[in-house]
Amino acid sequence: MSSDKSSDRPSNPPTDPKPAPPVHKQENSFKNFLTDNLPTVTVAILLAVGVRIFIAEPRYIPSSSMEPTLLIDDRLIIDKLSIRWRKPERGEIVVFNPPVNPVVPDASKVYIKRVIGLPGDRISIHDGKVFINDVPLNEPYIAAPPNYTLPTQDDALCPNCFRPDNVQSGKDHPFFTVPNGKYWVMGDNRNNSLDSHAWGFMPEENLVGRAMFRYWPFDNRVGNLNVPKYN
């Protein structure tokens with residue numbers, strides 16, 4: 001009787017690994033992917049850039065100048081389209097390029113303030129109130145009443161303040177007039193805001209857009225930034 005030895009048994013042939021696809025097929029797949037998707041991606045990028053430049057863009061608040069209405073790091077949507085055909089109204093919050101002025105540390109950075117004086121308005125600031133055309137504004141949104149007086153030539157009443165050159169004598173207090181094509185803008189944190197009281201009028205052509213919606217932080221302040229109604 002003979003016996004089989006394991007070493008004599010036929011063994012299965014080794015299994016070859018699956019061959020890699022040819023390089024030219026991989027290249028064709030990548031080209032097909034670009035051909036199929038590049039137009040869509042390109043259009044999406046162009047739309048995103050176009051929306052940001054011409055229609056709307058997100059912005060954040062870097063300082064306390066608009067407190068208590070807007071806090072540091074609040075995120076806003078800025079409407080850049082409607083500003084092209086609808087002029088700002090009193091009480092709106094706008095984004096703009098500040099005028100070149102020695103008191104402005106960097107005029108390349110946009111500012112955000114509230115529109116207070118429109119072209120042709122007579123303005124006087126005294127006794128903790130802003131007077132527009134001889135009528136005090138009701139401003140429940142400000143952090144505190146302004147602690148300065150304008151117009152004035154007295155540094156004690158308004159240190160390092162704007163000195164308008166069109167001051168006129170009013171019934172009780174002097175006033176100045178906002179020129180055509182310009183606006184008077186102020187921060188809600190009146191005594192801690194680098195605004196028109198420091199550097200003067202804001203030219204209409206410097207407008208970037210109007211603040212429309214606060215979306216972050218996601219708390220009870222989320223929503224539209226409504227224009228106050230003045231009596």
Nonlocal amide H pairs with Val95, under 5 Å, H built at 1.01 Å: Val208, Gly209, Arg210, Ala211
5 angstrom amide H check on Tyr183, placed H, neighbours 5+ away: Met202, Glu204
Segment 73-231: relative contact order as a whole-number percent, Cα under 8 Å and 6+ apart: 33
Built amide H within the under 5 Å cut-off of Val167, gap 5+: none
For segment 115-127, 3J(HN,Hα) per residue [Karplus equation, 6.51 cos²θ - 1.76 cosθ + 1.60, θ = phi - 60°, Hz, x = Gly/Pro]: 6, 10, x, 9, x, x, 5, 9, 10, 8, 10, 6, 6
Segment 78-222, accessible area per residue, ligands and nucleic acids excluded (1.4 Å, Å²): 49
Protection proxy ranking of 188-198, 75-85 - average other beta-carbon atoms within 10 Å, highest first: 188-198, 75-85
Segment 88-165: relative contact order in percent, alpha carbon pairs under 8 Å with at least 6 residues between: 20
Calculated FRET efficiency for the pair Tyr60/Ser169, C-beta based, R₀ 45 Å, to 0.05: 0.55
Percent accessible area from carbon and sulfur atoms, segment 74-142, protein chains only, probe 1.4 Å: 54
Out-of-range pairs (alpha-carbon distance over 22 Å; input Lys87/Lys113; Lys80/Lys129; Lys87/Lys229; Lys171/Lys229; Lys87/Lys171): Lys80/Lys129; Lys171/Lys229; Lys87/Lys171
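The values are calculated or read from the model by the stated rules, or taken from the named source; none is laboratory data. On a predicted model such as this, the values are computed, not experimentally measured, just so you know. Here Cβ is always computed from backbone atoms with ideal geometry, including for glycine, and neighbour counts include all displayed protein chains. In case anyone asks, the SASA skips ligands and DNA or RNA and just uses the protein heavy atoms, side chains included. Shrake-Rupley method; radii C 1.70, N 1.55, O 1.52, S 1.80 Å.
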